[in-house]
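Q: Please see the structure below; I have some questions.
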């Protein structure tokens, strides 16, 4: 890593006015999660036997997994394709992925009827290989472990030589420092294994999420029911992984009062249209091959969502990012990245509960207030924890005058 790309903890006041507001939102949202834990899904949500997958699966889990793809895409870009120029984005992308997958697990726990059984996939004697979610659960569980191991050297870097426990705990300073040095040394030797494992595992479960509704072809609108669902989820995750690096970096620099790192974001955004083009080509090819284009002008909510999430928020950013002027413009680049991030959010939501049409539903599914509140609370919590991590640990690139 070059000198100007060295990382350092954020030297800013933590509890600003914005963070106080964010904390209030976080506490309010998580209180609905506590209510759900105490009184069950029926009391806190509008889920039922016809609509078992709702806002928490579509947003907290499926969208969360997709938006956390920056961890493995940045790792592949820098360490596998040897694009060292983008090394500065590794740590923020890794932190975003680690927090994203952690909260995917937390969000899934809220959605489970028996949330206290979430530990079952970790026990081989409780595995259910016939479940379409089995592979997703195993891959996410292992990949989350890999992410924590990949992040461990950053913790070691921060505290090696700086362990200073107070009072009687001071006797543990030297042993803890030795453990940190040993862990840093060992992880440095075998990190390439975790990077390769992270890429493989991510590709596996990103595509497997798209497999979930392949088993219910007659319950999805024809525009979204396809045997190529796993390919759509995987290729769109490739594209949104790089897009999230841009989006997260520009949000973070704005929050920290810094200038956008356009010397990195402009070149890396040049990759997005290629990845996005693969997803668009696969989607259009499948639509024309199966003849589902005949539904494009129906007056139905899934069709409207298709025009919005694919036509407006996927195809339009694709053409925007093909322009070098937009890639060089902080405002233009941010708008294009934000559009596609929202497009992925709407796509996953549409697949899991908007385009989902059960045969015997008495009424349409509309998420309850508690579902929205908890989702917003979890997002606020991610931002809160992200700010805490970058304040304590060397994650973000140091300002040039400090480096």
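The numbers here are math on the coordinates, done by the rules we state, and not lab data. Not measured: the values here are computed from a predicted model. Counting neighbours? That spans all protein chains shown, and the Cβs are built from the backbone with ideal geometry, glycine included.
Q: Provide the gained length on full extension for the span residue 256 to residue 132, in nm with one decimal, where the gain is 0.36 nm per separating residue minus the Cα-Cα distance.
A: 40.4 nm
Q: Given a Förster distance of 45 Å, report the FRET efficiency between residue 328 and residue 125 from their Cβ-Cβ distance, rounded to the nearest 0.05.
A: 0.20
Q: Please report the spacing between the Cα centers of the range 267-328 and the range 377-391 in Å, no decimals.
A: If we compute the Cα centre of each part, the gap is 31 Å.
Q: If each of residue 21 and residue 362 carries a label point 7 Å out from its Cα toward its Cβ, how far apart are those two points in nm?
A: 4.1
Q: Quick one: go through the range 4-25 and flag any residue whose amide nitrogen is under 16 Å from the point 7 Å out along the Cα-to-Cβ line of residue 162.
A: 6-14
Q: May I ask you to compute the full-extension gain from residue 200 to residue 288, defined as 0.36 nm times their residue separation minus their alpha-carbon distance, rounded to one decimal in nm?
A: 28.6 nm
Q: In addition: Whole-Å semi-axes of the chain's equivalent ellipsoid, largest first, each the root of 5 times a Cα gyration tensor eigenvalue?
A: Semi-axes from the Cα gyration tensor: 35, 27, 21 Å.
Q: Still on this structure, please answer the following. If packing is taken as the average number of other Cβ atoms within 10 Å across a peptide's residues, how do 245-255, 92-102 rank, most packed first?
A: 92-102, 245-255
Q: Related question: If you fit an axis through the alpha-carbon atoms of helix 90-111 and take the longest principal axis of the Cα set of the chain, what angle between them do you get, 0 to 90°, nearest 10?
A: Roughly 50 degrees, rounded to the nearest 10.
Q: Quote to one decimal, in nm, the extra length available between residue 298 and residue 185 on full extension: 0.36 nm per residue of separation minus the C-alpha distance between them.
A: 34.6 nm
Q: Here is a further query. Viscosity 0.890 mPa s, temperature 25 °C: give me the Stokes-Einstein translational D for the range 1-53 in µm²/s, with Rh taken as the Kirkwood radius over C-alpha pairs.
A: D, rounded to a whole number, is 163 µm²/s.
Q: Using the scaling law 2.2 N^0.38 Å as the reference, what is the normalised Cα Rg of the range 302-403?
A: Dividing the Cα Rg of the range 302-403 by 2.2 N^0.38 Å gives 1.49.
Q: Does the range 1-155 classify as rounded, prolate or oblate by the C-alpha gyration tensor (a ≥ b ≥ c root eigenvalues; a/c under 1.5 gives rounded; else a/b over b/c gives prolate, otherwise oblate)?
A: oblate
Q: If N is the number of residues in the range 89-212, what value comes out of its Cα radius of gyration divided by 2.2 N^0.38 Å?
A: Rounded to two decimals, the normalised Rg is 1.30.
Q: Could you give the semi-axes, largest first, of the ellipsoid that matches the range 146-281, computed as the square roots of 5 times the alpha carbon gyration tensor eigenvalues and rounded to whole Å?
A: One finds semi-axes of 41, 22, 14 Å for the range 146-281.
Q: I want to verify the translational diffusion coefficient of the range 60-119 in µm²/s; compute it with Stokes-Einstein, Rh as the Kirkwood radius over Cα pairs, at 37 °C and 0.692 mPa s.
A: Diffusion coefficient, whole number: 263 µm²/s.
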